[in-house]
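Data first, discussion second: the structure below is written as structure tokens.
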Amino acid sequence: MRHSNAVLRSFYDYFIERGEGPLVNPVVLDRSGRRANAHHNPLEPFRPEGRIRYNPKLPKQQPRAMSDERWNDLFAGLRSNRDRALLALAVANGARAAELLGCTVDVDWGEQLIRVYRKGTGAAQWLPTSPEAFVWLRLYLADLGTPLEPNDPVWWTMRRRDQGSGL
């Protein structure tokens, strides 16, 4: 409903500016017909104004965050340093999953940057990452046992180990 009202209002505003439409926009902003806080003094706090008629109120949303206890539980539930490194990198730099999964061993350890290739253009971009993510990445690379070449992918599939009765 809110989006429909905004689209209709801008549609009528466009034709009113061109001089081809009605003289009055049927989707009024508030009872007085002016924009809320149109002449707001930046030195004063905003005062509550009316909203567009028929617009529903926005629901109060919970902040998108995890408590430290839940974060620790999540990390404790992960089975390998690879999973911890991948999760820490994803949260720390905000890269897309495909960009993180496709990155190579081209990492700047001193500046704490990881190079990913962007989704649309394929251009290389260096993203800053947290020190904790680099600790998990270092532990994961140490768990691999074999050194990786510069163009090798960082993330390798974990295989199940033989528990005595086959895989």
FRET efficiency, 1/(1 + (r/R0)^6) with R0 35 Å, evaluated for Lys60 and Phe15 via beta carbons: 0.45
With at most 16 neighbouring Cβ atoms within 10 Å, loop GluC sites (Glu not before Pro) (DSSP) excluded, longest segment of the chain: 50-110
GNM top mover of Phe75, Phe134, Phe11 - the chain, alpha-carbon springs below 10 Å: Phe11
The chain: DSSP helices with Cα axial extent of at least 30 Å and average Kyte-Doolittle hydropathy no lower than 0.0: none
Which labelled figure in (1) 80, 42, 38; (2) 50, 40, 40; (3) 40, 33, 32 is Cα extents along the principal axes in Å, once derived from the coordinates: (1)
Ser67 versus Arg138: modelled label distance in nm, points set 7 Å from Cα along the beta carbon direction: 3.2 nm
Mean accessible surface per residue for the chain, computed with a 1.4 Å probe while every protein chain stays in place, in Å²: 78 Å²
Percent of alpha-carbon pairs separated by more than 11 Å within the stretch 113-152: 72 percent
Whole-percent carbon and sulfur share, accessible surface of the chain, 1.4 Å: 54 percent
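The values are calculated or read from the model by the stated rules, or taken from the named source; none is laboratory data. This one's a predicted model, so the numbers in the text were calculated from it and none came from an experiment. Neighbour counts are summed over all protein chains in view; Cβ atoms, including those assigned to glycine, are modelled from backbone coordinates with ideal geometry. Note: accessible area is taken over every heavy atom of the protein model, side chains too, but ligands, DNA and RNA are not part of it. Shrake-Rupley method; radii C 1.70, N 1.55, O 1.52, S 1.80 Å.
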